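Notes for the one structure printed next.
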Amino acid sequence: MRNSTDTQRLNQIGLDRLVRFEWLEKTAQLVLAGNSEGDIKSILQSDLANAFPGSNPAVRGSLDKTITILMKTWVRPPADLALLHQDALELLSWLPRELHLAIHWGMLMAVYPFWGSVAAHVGRLLRLQRVVVASQVQQRVKEQYGERETAARRARYVLRSFVDWGVLEDLPRRGEYRSRTELHIDQPVLIAWLIEALLWLKPNGLLQFSEVASSAGLFPFRMEYVTSEQIATASGRIEVLRQGLNEEMLYLKH
C-alpha cells in the first residue's frame, strides 16, 4: 500500500521545465564520481549557464528550477526511492551508454510521476495512430489532473523533452510527433529495475504481469520476454502474487 507521501507525489505535476537527457547524464556521472551535493550544484550552475544566458531574473529562475529537477532525480531523491536510486547508479556504472536512457527514464518517472503519465498517454496514442498530436496529449492530461491548464502547459515541456531524448521526432506540422526506433533491452536486471520504477506510478503498487511488455509508459523500449520469477529474482524487491490459474500480479515489498 502507498503512504501519504507516495500519494502526494502521484498527484503532483512538478515538472515545469525542459529536461535534457545530457543534463541528467552529467548529474548522475557527477554523483558516481563521488562529488558532494554542494559541488554538484555548483558545477551544474556553471556548466548549464550557457543554456540560460543573461541576467534576467526569469531566465536565472529557469536555471534554478532545472537544477532542482536534476538534483531531486539523481542527488537527493525522495527517501522511499533510495534503493531504486542506489540500484540505478549501479546500473549506470556498468551498462553501455546507449542503455542509460532507460535508467534516466525510469528514475525521472519514479521521482516525477507526471513524466510517466504523459508517456503513458503518448504510448496509448501511438498504438492507435502513427502520429501523436500535442493537443490530444494535453487534453488527456487535463482530464487526469482535473482540467488544470497548468497540466496542459507542462505536458508540452515533457513532449519537448521526449524529442530531446530522441524517443519522439517532430513532424512538419507544428505540435505533431512520431515515434523513433525503440530501444531494445534484454538484460533481466534492467528490465526488473524498469518494472520497479513503473510500480511506483501505481496507486495500489500492483501491476499485472501480462501488462509489463505492453506498458504504455515505457513506449520507447522493447523489452525481451522474462518470466515473473526472473523479475522477482533480479529485483529482490518485487514479489509475485498469483490469482487463479493464469493471472500473476507484481507488487513492491514494503
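Relative to the compact-globule scaling 2.2 N^0.38 Å, provide the ratio for the alpha-carbon radius of gyration of region 1-181.
Details: Rg = 16.6 Å, N = 181, 2.2 N^0.38 = 15.9 Å.
This ratio for region 1-181 stands at 1.05.
Modelled spin labels at LYS142 and GLU211, positioned 7 Å past Cα toward Cβ, are 2.6 nm from each other. At full extension, SER135 and ALA82 could sit 15.5 nm farther apart than now, given 0.36 nm per residue minus the alpha carbon distance. The calculated FRET efficiency for LYS72 paired with ASN246, based on their beta-carbon distance and R0 = 30 Å, is about 0.15.
Quote the Stokes-Einstein diffusion coefficient, in whole µm² s⁻¹, for region 116-165, based on the Kirkwood radius over alpha carbon pairs, a temperature of 10 °C and a viscosity of 1.306 mPa s. This corresponds to a translational diffusion coefficient of 148 µm²/s. When the alpha carbon coordinates of region 115-222 are projected onto the principal axes, the ranges are 39, 31, 23 Å, largest first.
Per residue, the convex hull spanned by the Cα atoms of region 183-252 measures out at 77 cubic angstrom. In this simple spin-label model, placing a label point 7 Å from the Cα along the Cα-to-Cβ direction at both GLN29 and ARG237 gives a separation of 2.6 nm.
Here r is the Cβ-Cβ distance between GLU229 and LEU128 and R0 is 25 Å; the resulting FRET efficiency, rounded to 0.05, is 0.15. For the residue pairs LYS142/LYS202; LYS26/LYS65; LYS26/LYS72; LYS26/LYS253, alpha carbon separations beyond 24 Å are given by LYS26/LYS253. Long hydrophobic helices in the chain, taken as whole DSSP H segments with a C-alpha length of 24 Å or more on their own axis and mean Kyte-Doolittle hydropathy at least -1.0: 57-74, 149-165. Here the contact order of region 1-156, divided by its residue count and restricted to Cα pairs under 8 Å and six or more residues apart, works out to 27 percent.
How do 67-76, 120-129 rank on mean C-beta neighbours within 10 Å, highest first?
Order by mean packing, descending: 67-76, 120-129.
We did not get these values from a lab; they are worked out from the coordinates using the rules stated. Nothing here was measured: the structure is a model prediction, and the numbers come from that model. Cβ sites come from the backbone with ideal geometry, for glycine too, and all protein chains shown count toward neighbours.
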